[in-house]
Amino acid sequence: MNVFNKYRQAIEEIVKSLSTEGKLPAGLSLDRISIEPPRDPSHGDISTNVAMVLAKPAGQKPRNLAELVAAKLVDADGVDSVEIAGPGFINLRLAAVLWQQQIVEILTAGVAYGDTDIGGGQAINVEYVSANPTGPMHVGHARGAVIGDVLAALLAKAGFDVTREYYINDAGVQIDVLTRSAVHRFKQALGEDVGEIPDGLYPGEYLIPVGRDLAALEDDVISAAITDGDTKFVRDFVIDAMMTLIREDLSALGISHDVFTSERSLHENEAIGEVVFELEARDLVYWGRLEPPKGQKPDDWEDREQYLFRSTSFGDDIDRPLKKSDGSWTYFAADVAYHLDKFRRGFGEMIDVWGADHKGYIKRMQAAVDATTGSKAVLDVRICNLVNLFESGEPVRMSKRAGTFVTLREVVDQVGKDVVRFMMLTRGNDAPLDFDLKEALEQSRDNPVFYVQYAHARACSVLRNAVEHMPGLSVDDSTLAKADMSHLTDEAELALMRLLAGWPRLVETAALAREPHRIAYYLNDIAAAFHGLWNKGNEDVSLRFIIADHEVLTAARLAMVRAMAVVIASGLAVMGVKPVEEMR
């Protein structure tokens, strides 16, 4: 049960009853009402702005309206007291039994606790990673990969119908460079003296096996075609090899996608031309000239007539070219066709997770989605800022395997999948992230991965110790759910239970805000409350989880400890991290 939704419903019913009684106008909108924990815990358990929001449309002073609502809230189930603060905020204090009952709900639901249907089965497409298939994933890709994957899992837990998608950028100049690089390695594998890798080609060693595999085909037709400059086979071969490499890298990080869509296929099946034809019919494209960029003019700037999309009609800063100077389609044109394809596949809402270097691309793509779908679809772009990789405080920048960057696989192999996934969520996606490989493995309070995992492992240890010291005590979830929770009355116990009860609300708010990093923050708060309770038990034996001569109290505390472990496991499941039962 979402405790906050329970009292939202109670307040909504109170407003309706006040309208029926003639004390408030009928038809007041309740959309802007917030029901949330107060910033200062000393103000109570729940705070609402209902009186502040409704005062103006109701034609009343906020405090007078707050008094009307508060008079009825006093009688609501589970409410201990109601206070009016400031100009009209209403603060509720809830009875301990309500928090104690959440332990039963958690143990009954298991890791499904927090599941909600707020998404109503709405189809959402989450596109993430979508790296150029020109080599292995680098550590910067890891952040977008994790954020996209966890966001998809979070939305699924919140009741959305989620499809995870990867857009393969397998067309354009970078693919031509990749193909030439593979040809170089192919000739090298045949024993030719090809010298140093020419400037402009990809230098990484990961292409050496591709060259060997090509040479191993022993196909005279292929060799002749390459010699004659026909590299189509090599292009397809190396793209397949790179996508296999990328899939393996993602798998090492625990990531898989439901759909892979090829940019090249949009060119080959003329999907781009079809979309542009539709835009032409609506007078949304034209031949014209653009003003040069403000500031320093780029070296490649051309003052020429261009084929432009009227993106300024849909909120963009300038109109955007759809064709290059050689007459081929721009990347933007392909992206327009791709996003329209997603809409036609049933996705009225699309979420793209992009790197920081694509920030300037947002307005044009949102304009394109708005235009091509007739404003029926929404594109939400999540920008992932840079990852700064360190080891013992020193920057790490180079990789022999990749040639110019540290690969994702190298980082996963060094610290483990779970550590990488958790660390990538310790900052909001739009903030830079410093990732120190050594610190990520330290067992200290300052390491959030360790701190949360230690809380789960410590809870498992408590349950094992209870069985060892009290052999007749059963600690399975169904038995613990029957414990007498009324014994859980210490303020630290109640504080932990309040936090645990906040998990369903956290799932909803984080999903609607598209902010998966909130889970990491929340789990850290849970761990801190639990470790704090453990420390209180060390100082005061009456607060220990296992009281040898008080089995009823012990059972209640074990139920709370187990519920804490369940909520951490539920949160880690969304993050794609396995909870540990013992720290090693």
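Need one number: convex hull volume per residue for the chain, Cα atoms only, in Å³.
On the way: hull volume 123.6 nm³, N = 584.
Value for the chain: 212 Å³ per residue.
Of the options ALA76, THR20, LEU92, report the single residue whose Cα projects farthest towards the positive end of the charge dipole of region 20-97 (beta-carbon charges: Lys, Arg +1; Asp, Glu -1).
Looking along the dipole axis, the top candidate is THR20.
When the convex hull of the C-alpha atoms of region 30-185 is computed, what volume per residue in Å³ does it have? Each step should come with its number before you reach the end.
Values: hull volume 32.3 nm³, N = 156.
Convex hull of Cα atoms, per residue: 207 Å³.
Across the Cα atoms of region 173-234, what radius of gyration and what greatest pairwise Cα-Cα distance (Dmax) are found, in Å?
According to the Cα coordinates of region 173-234, Rg and Dmax are 10.8, 29 Å.
Order these peptides, 440-446, 342-348, 528-534, by their mean beta-carbon neighbour count within 10 angstrom, highest first. Please report the intermediate quantities before stating the final value.
Details: 440-446: 12.7, 342-348: 16.6, 528-534: 18.4.
With the highest mean Cβ count within 10 Å placed first, the list reads 528-534, 342-348, 440-446.
Which whole-number percent of Cα pairs in region 384-481 have a distance greater than 21 Å? Numbers along the way, then the final one.
Values: 2321 of 4753 pairs.
Of all Cα-Cα distances in region 384-481, 49 percent exceed 21 Å.
Rounded, prolate or oblate for region 445-575? Axes are the square roots of the Cα gyration tensor eigenvalues, ordered a ≥ b ≥ c, and the cut-off for rounded is a/c under 1.5.
Working: a/c = 1.95, a/b = 1.76, b/c = 1.11.
Because a/c hits 1.5 or more and a/b exceeds b/c, region 445-575 counts as prolate.
Highest first, please rank the peptides 559-568, 62-71 by the mean number of other Cβ atoms sitting within 10 Å of their residues. Walk me through the intermediate numbers first.
On the way: 559-568: 25.8, 62-71: 19.4.
So the peptides 559-568, 62-71, ranked by packing, come out 559-568, 62-71.
Tell me, how many Å apart are the Cα centres for region 521-538 and for region 84-162?
With region 521-538 and region 84-162 each reduced to a Cα centre, they are spaced 22 Å.
Using all Cα-Cα distances in region 91-178, what percent lands in each 10 angstrom bin from 0 up to the longest?
Reading upward from the zero bin: 14, 27, 25, 18, 10, 5, 2.
Using only the alpha-carbon atoms of region 158-287, report the extent along each of the three principal axes, biggest first, to the nearest angstrom.
56, 45, 28
What does the charge count around ALA501 come to, taking other residues whose C-beta lies under 12 Å from its C-beta (Lys +1, Arg +1, Asp -1, Glu -1)?
Values: positive: LYS6, ARG498, ARG505; negative: ASP45, GLU105.
So the surrounding residues net to +1.
I want to verify the translational diffusion coefficient of region 3-94 in µm²/s; compute it with Stokes-Einstein, Rh as the Kirkwood radius over Cα pairs, at 37 °C and 0.692 mPa s.
Working: Rh = 12.9 Å.
Taking Rh from Cα pairs, D becomes 254 µm²/s.
Under 8 Å for C-alpha pairs, at least 6 residues apart: give me the relative contact order for region 31-138, rounded to a whole percent. Walk me through the numbers before you get to the answer.
Details: 116 pairs, mean separation 21.4, N = 108.
Value for region 31-138: 20 percent.
Below 8 Å, C-alpha to C-alpha, sequence gap of six or more: please give me the relative contact order for the chain in percent.
Details: 946 pairs, mean separation 97.3, N = 584.
17 percent.
Ranked highest first by the average count of other Cβ atoms within 10 Å around their residues, in what order do 208-218, 51-61 fall? Don't skip to the answer; put the middle values down first.
On the way: 208-218: 15.6, 51-61: 17.6.
Highest to lowest by the protection proxy: 51-61, 208-218.
All of the numbers you see were taken from the coordinates with simple rules; none came from a lab. None of the values given here were measured: they were computed from a predicted structure. Neighbour counts are summed over all protein chains in view; Cβ atoms, including those assigned to glycine, are modelled from backbone coordinates with ideal geometry.
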